[in-house]
Structures are given as C-alpha cells and as structure tokens.
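The values are calculated or read from the model by the stated rules, or taken from the named source; none is laboratory data. Please read all numbers here as calculations on a predicted model, not as lab measurements. No Cβ is skipped: glycine too gets one built from the backbone with ideal geometry, and neighbour counts run over all protein chains shown.
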Amino acid sequence: MTEPAEAALTPGDRLRGWVTPGRACFALFLVVLLVYSATEGIPMDRIGQTGWIIAGMIAIKIGRPWREHVRTFLDWLPLLIALIIYDHTRGIADTLGMPLQVSGVVDLERWLFGGTVPTVWLQEQLFESTVRWWDVGAALVYFSHFVVPWALAAAFYLWSRPHWVSYIRRVLLLTYAGLATYVLLPAAPPWYASARTGDIDDPVYRLVGRGWNELGLRSANAWLSEAQGGANEVAALPSLHAGFSMLVAVTLWGLTRRWWLRAVIVAYPLSMAFTLVYGGEHYVVDVLLGWLYVAGVMIGAHLWEQWRGGREHLVAAALSAETPAPIEPALRTESEPNEPAGR
C-alpha cells in the first residue's frame, strides 16, 4: 500500500501551499498598520478607521477577480457615508434651527433619581486628584467603542457573509436612527450643562481619558481631546456608545453558550454605561434610550427579514408553478397488444 500523496510533502511544500497572495498581502497590511500606529498613533477617526478596514479586506482578497474588490468597497460604502454625515449633524441641526435640549434632560434625570444627577453623584464618590484603577478601566472601555463594533464587522465579513449582512444592517439602522435624532433633537451632555449653561450647579468633569496617562499612552489622551474638540458636542441623545455596546452584546450572545463568555458579553454594555455616566459624557436617560434604539432596531430588522424571506419564498413558489412539468414518454403496458409488424 502506498502512502497518501500528502505524506510526501515537505514542510516547505506545505508552507508554500498555505502562503497565498491574499495572506501575504494581509500580513504586509498588518505590518504597515502596526508601523503607522506606532509612529502616528492608532487610527481612531471614523473615516480613517473605515478606510483601514476596507484596505485590509481588499488586501486579503488579492489574487481574486477585481469585481470582488469593487464589491468590498461598495459593501462598506453605506457605513462610510453614515460616518461622514455624523460629522455634519451639528451643522444640519443649526441650519434647521432646532432648539438645543439642556434643562429638560437634566430635569428628567433628577425626576428619575430623586433629585440627584447620577453623574454628579458618581464623580463626588469616585473622582480623586490621582488616577485610580477605575479611571484606567473607564478609558479602556470608552476606547473600545472605536474598535470593537468595527472589528466585529470585519471578522464577520471574512468569516460569514450572512452574519455580516445581518450585523451591518443593524449597525446602519442604529447609526442613521441616531443621526436623525441628533439633527432633530440636539441634546447636551452633563459636562456641557455644567460648564456651558449652568443647568447643573455642581462641577462635572470629562474623565474618560484620564486613564491613558497612567498607562503611559499620553498620545491616546491627546487624540481623544482633539477628537472631542472636533466632534458634535450636543449629540448626546441617544448614546450611540451605549447603543453599539449593546448591539455587540446582543449579536454575540447567540454565538456562544459558554456561561463565562456570556458573562463578559453582559458586562460590556454595563461597563460602558458606567463609563459614560461617570465620565460626564451621558446621562442615564441617554444610555437607556440608546438601548431602546437597539431593541427597536433588532425588532424592526427581524420583522423585515422575515417579510423579505417570506416574499422570496412566494416568488420562488410562483416561478416554480409557472414552469411546465416535463412530459414523460408513455410507457407500454403489458396488457397492450403489439401492433403487427406489417401495418
């Protein structure tokens, strides 16, 4: 008996079989990304991140037909457009003359919590002149918003297109729902109500970047300060930070049955909620509304997918019914007499 052909392959043969053009280009892409991150800082701006993701997806598909690269760009284009629109929501709201919501949100927060604003209470209890471990944790959790949802989208894109389509549909619905609210109902966060309008008498500090200095990543803190300076300062309602963390959790929940993984999944949106409220970036009301938006998006997307699936099934059934069945040749039965050969 001869050995299988695979047994005769040398390690070099196996390596050459594993190293495809796409894998080689993706490895080069990772090297370039690491060098860029080390010299210029981790790409954190929304458009830049999307560009890097698209470049990575194209790199790993090198060697495939060019149509796949065009399709990759078109697949991610709606998300890129949404991120560009986000940067202009404040200008659109100003153009429409939409009033800024400040005191109403503060009053609602106080009504819900017996006259107390949770952000003020948390900072009174936890904020100290020196950076503590929870400040480091808050910085990491806040930073994850700029990485985790998009890394999950990239993983789905490479692993399973149906999962990616389902996930990115919900990402886009949540994003555009949030953008519409920012335009029609601009609302100020706690730090703004304290520093700019005085609707909150107590001082409220922006604390989400404090932990970076403790980790020696001052460039990350500088980037965050710069990003916050150029962002829409009154895009607080709903909290898309809270919304995306919940969307990630809901998406991952059904992909595992391990209890400890599910515990981590549940902890993610809860820790994000704490970070946002403690850090002065959002009210509890903002967080709850962000989660409510996710519930609406999940229900709406599910109903639409069911409707579309049923419609496609009906169309397929109709097309099948219109297709004539092939005519089978008649079979001679034993009871039928044979015709005389001469007739």
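Scan region 169-180 and tell me whether some residue there is assigned to a helix (DSSP H, G or I), touching a helix residue (DSSP H, G or I) at 6+ places or on another chain (Cβ under 7 Å) and loosely packed, with under 15 Cβ neighbours inside 10 Å. Looking through region 169-180, none of the residues is assigned to a helix (DSSP H, G or I), touching a helix residue (DSSP H, G or I) at 6+ places or on another chain (Cβ under 7 Å) and loosely packed, with under 15 Cβ neighbours inside 10 Å.
Take the residues in region 79-104 that are assigned to a loop (DSSP other than H, G, I, E, B) and out of contact with any helix residue (DSSP H, G or I) (no Cβ under 7 Å at 6 or more places or on another chain); name whichever of them is nearest to residue 285 (Cα to Cα).
Restricting attention to region 79-104, the residues satisfying the condition of being assigned to a loop (DSSP other than H, G, I, E, B) are 87-88, 97-100, 102.
Subset that is out of contact with any helix residue (DSSP H, G or I) (no Cβ under 7 Å at 6 or more places or on another chain): 87-88, 97, 99-100.
Working: 87: 23, 88: 24, 97: 24, 99: 19, 100: 16 Å.
Across region 79-104, the extreme among qualifying residues is 100.
Go through (1) in a helix (DSSP H, G or I); (2) in contact with a helix residue (DSSP H, G or I) (Cβ under 9 Å, 6 or more places away or on another chain); (3) not aromatic (Phe, Trp, Tyr) one by one and return the number of the condition residue 282 breaks. Exception for residue 282: condition (1). Residues in region 228-236: is at least one part of a helix (DSSP H, G or I), in the same structural domain as residue 136 (by TED's automatic domain parsing), buried (at least 16 other Cβ atoms within 10 Å of the Cβ) and at pLDDT 85 or above? No, there is no match, as no residue in region 228-236 is part of a helix (DSSP H, G or I), in the same structural domain as residue 136 (by TED's automatic domain parsing), buried (at least 16 other Cβ atoms within 10 Å of the Cβ) and at pLDDT 85 or above. The lone criterion from (1) touching a residue at least 24 places away in the same chain (Cβ under 8 Å); (2) outside the structural domain of residue 272 (by TED's automatic domain parsing); (3) under 18 Å from residue 55 (Cβ atoms) left unmet by residue 150 is number (2).
Residue by residue, here is whether (1) surrounded by 17 or more Cβ atoms within 10 Å (Cβ to Cβ); (2) in a helix (DSSP H, G or I); (3) in contact (Cβ under 8 Å) with a residue 60 or more places away in the chain holds:
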residue	(1), (2), (3)
50	yes, yes, yes
59	yes, yes, no
69	no, yes, no
77	no, yes, no
106	yes, yes, yes
110	no, yes, no
114	no, no, no
128	no, no, no
135	yes, yes, yes
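Per the conditions (1) over 30 Å from residue 173 (Cβ atoms); (2) modelled with pLDDT of 80 or more, the sole criterion not satisfied by residue 33 is (1).
Picking from residues in region 137-150 that are in a helix (DSSP H, G or I) and of a type in the set (Phe, Trp, Tyr), the one that is surrounded by the fewest Cβ atoms within 10 Å (Cβ to Cβ) is 150.
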